[in-house]
Amino acid sequence: MKNMKFLTATVFVSLLFIGCSDDDAPEAVNEEEIITTLTVTLVPEGGGTEVILQTRDLDGDGPNAPVITTGNLAAGVTYSGSIVLLNETEEEPDNITEEVEEESDEHQFFYTTTGGLDVTTTYNNFDSADNPLGTQFTLVAGAVSSGTLTFTLRHEPTKPNEGLEDAGGETDISAEFEVSVE
């Protein structure tokens with residue numbers, strides 16, 4: 001009887017080691033990007049002064065608030081917009097925009113307004129399935145108004161979608177700017 005218990009235990013332990021082989025190792029997880037800085041550059045078509053909107057938070061969830069730079073738009077002007085994302089926690093800042101564009105099927109920017117701000121936006125770059133990505137866009141400033149303009153980057157949103165409300169996914173960064181159209 002002792003031999004039977006020993007034999008059973010040996011078989012069980014052997015199966016345990018066989019079942020834990022390296023062949024079943026899980027795939028590496030794509031780590032979430034660290035984004036400390038979001039810069040939106042708005043260049044007026046036909047010339048004029050470009051507008052820079054930026055949020056920079058070098059300590060992340062630390063005690064210091066983000067440094068926010070904002071600007072005002074000219075009524076009736078069409079702007080060519082671009083977004084740059086950086087991780088400035090590294091000695092040499094890492095351009096996260098390149099990674100987002102390479103993984104365009106897994107990302108999308110959304111532009112939202114509140115407070116009566118009269119602007120419209122149009123996507124200018126897309127993923128491999130022709131769904132919006134949004135690191136390049138057109139912004140048209142309408143009538144004199146003010147409010148907030150928010151840029152939100154979602155990771156793994158549902159595509160296609162009707163906007164931020166039904167996109168799902170996780171927010172990589174969201175930046176809100178007080179803007180006036182003058």
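Tally the residues that are open to solvent by less than 40 Å² (accessible area, probe 1.4 Å) and within 20 Å of the chain's Cα centre (by Cα), restricting the search to segment 104-153.
22
Across segment 125-148, what is the number of residues that are over 18 Å from Val181 (Cα atoms) and without any contact (Cβ under 8 Å) to a residue 40 or more places away in the chain?
9
Keeping to segment 50-65, report how many residues are modelled with pLDDT of 95 or more and surrounded by fewer than 17 Cβ atoms within 10 Å (Cβ to Cβ).
Residues that pass the stated criteria total 3.
Can you tell me which residue in segment 154-182 is nearest to Thr120 (Cα to Cα), limited to those that are among the hydrophobic types (A, V, I, L, M, F, W, C) and open to solvent by 20 Å² or more (accessible area, probe 1.4 Å)?
Among them, the one singled out is Leu164.
The values are calculated or read from the model by the stated rules, or taken from the named source; none is laboratory data. As the structure is a prediction and not an experimental result, all values here were calculated from the model. We place every Cβ from the backbone using ideal geometry, glycine too, and count neighbours over all the protein chains shown. We work out accessible area using only protein heavy atoms, side chains counted, and drop any ligands, DNA or RNA first. Shrake-Rupley method; radii C 1.70, N 1.55, O 1.52, S 1.80 Å.
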